[in-house]
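Notes follow the structure.
The values are calculated or read from the model by the stated rules, or taken from the named source; none is laboratory data. Since the structure is predicted, the reported quantities are computational estimates derived from the model, not experimental observations. Cβ placement follows ideal geometry from the backbone for every residue including glycine, while neighbour counts extend to all protein chains displayed. To get the accessible areas, we keep the full protein, side chains included, count just its heavy atoms, and leave off ligands, DNA and RNA. Shrake-Rupley method; radii C 1.70, N 1.55, O 1.52, S 1.80 Å.
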Amino acid sequence: MSETWKVELHSHTIYSRDCLTSLETVLANCQRKGIDRLAVTDHNTAEGALMLAKHAPDFVIVAEEIMTTQGELLGYFLKESIPAGLTPQETIRRLRDQGAVISAAHPYDRLRKGAWKEAELLAIIDQVDALETFNSRCLYAEDNAKALALADKFGKLHTVGSDAHTPYEFGRATLTMQPFEGVGSFFESLKTAKAETKLSPLWVHGLSTQAKWLKKLGLRKRLWAGG
């Protein structure tokens with residue numbers, strides 16, 4: 001075991017509506033890129049994460065990116081999926097029932113459907129553990145900077161994420177963390193984590209749009225398998 005781990009905390013698989021990356025490709029790609037632990041945060045389902053965890057239980061953190069009625073939340077160390085469309089308070093309650101660690105996803109991304117209005121985020125700021133202070137898919141660096149400033153103002157832990165929807169994106173925003181097992185030590189490790197981050201190019205958003213249309217048309221051909 002290395003002294004520290006390279007950890008990716010925001011990623012997607014074919015179980016997300018806008019991603020065509022197979023579970024097999026995710027595992028192979030992360031191994032090639034030296035990622036030690038991966039949180040699979042598919043949109044509104046933990047099924048892909050649960051499936052992948054069966055094959056790599058020591059590698060996968062079962063997680064989910066959940067669309068509430070006001071913005072998206074990231075829940076880590078889940079046992080089952082939480083549905084979309086609940087209030088933030090109800091979503092948080094269900095996450096707490098599972099003992100999850102909770103972060104608000106890309107809170108200030110001005111182009112993101114799942115971003116938060118500041119007043120609504122402030123209403124739950126004391127109910128979440130962390131804020132995603134860097135997301136590689138934010139097109140405006142100042143949106144990430146604003147999230148970082150808010151996290152520091154309220155003393156919240158930081159998460160970062162590549163928000164990878166294609167193999168190319170995995171590893172673009174990671175945390176170097178002390179090794180952890182389970183929720184408690186993960187939470188403690190977050191306190192001293194160091195971020196390594198890069199913004200992703202605009203064209204990755206086009207691939208997500210393409211994936212949505214291919215799925216709507218019933219065409220689930222595996223693309224970008226080479227990473």
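Dividing the radius of gyration of the alpha carbons in the range 156-198 by their Kirkwood radius gives 1.02 for Rg/Rh. Nonpolar atom fraction for the range 74-121, defined as the carbon and sulfur part of the 1.4 Å probe accessible area, stands at 52 percent.
Of LYS153/LYS191; LYS33/LYS113; LYS146/LYS215; LYS33/LYS216, which sit over 23 Å apart, Cα to Cα? Kindly include the intermediate steps, with their values, before the conclusion.
Details: LYS153/LYS191 15 Å; LYS33/LYS113 30 Å; LYS146/LYS215 34 Å; LYS33/LYS216 31 Å.
Beyond 23 Å between Cα atoms: LYS33/LYS113; LYS146/LYS215; LYS33/LYS216.
Global dimensions of the range 86-187 from alpha-carbon coordinates: Rg and Dmax equal 13.8, 36 Å.
The trypsin sites (Lys or Arg not before Pro) of the range 85-120 that DSSP puts in a loop, and whose beta carbon has at most 10 other beta carbons within 10 Å, are LYS113. For chymotrypsin sites (Phe, Trp or Tyr not before Pro), the sites in the range 109-179 that DSSP calls loop and that have at most 13 other Cβ atoms within 10 Å are TYR140, PHE154.
Give, rounded to the nearest 20 debye, the magnitude of the charge dipole that the range 117-227 has about its Cα centre when Lys and Arg contribute +1 at Cβ and Asp and Glu contribute -1 at Cβ.
On the way: 15 positive and 13 negative charges, 159 e Å.
Dipole of the range 117-227, to the nearest 20 debye: 760 debye.
Considering every alpha-carbon pair of the range 1-87, the percent of pairs per 10 Å bin, from zero through the bin containing the longest distance, is 19, 51, 24, 6, 0.
Restricting to bridges with both residues inside the chain, how much of the DSSP beta-bridge set is antiparallel, in percent to the nearest 5?
Values: 16 of 30 bridges.
Expressed as a percentage, antiparallel bridges in the chain total about 55.
Among the trypsin sites (Lys or Arg not before Pro) in the range 165-211, those placed in a DSSP loop whose Cβ has at most 13 other Cβ atoms within 10 Å are LYS191, LYS198.
In the context of the full set of protein chains, the range 77-220 has a per residue accessible area of 48 Å² (1.4 Å probe).
Taking every eigenvalue of the Cα gyration tensor of the chain, multiplying by 5 and rooting it, what semi-axes result, largest first, whole Å? Over the Cα atoms of the chain, the semi-axes work out to 24, 20, 18 Å. In a reduced charge model with +1 at each Lys and Arg Cβ and -1 at each Asp and Glu Cβ, the chain shows a dipole moment near 740 debye about its Cα centre.
Which order do the peptides 51-61, 34-44 take when ranked by the mean count of other beta-carbon atoms within 10 Å per residue, highest first? The partial results should precede the final answer.
Numbers: 51-61: 15.3, 34-44: 22.5.
Descending packing order for the listed peptides: 34-44, 51-61.
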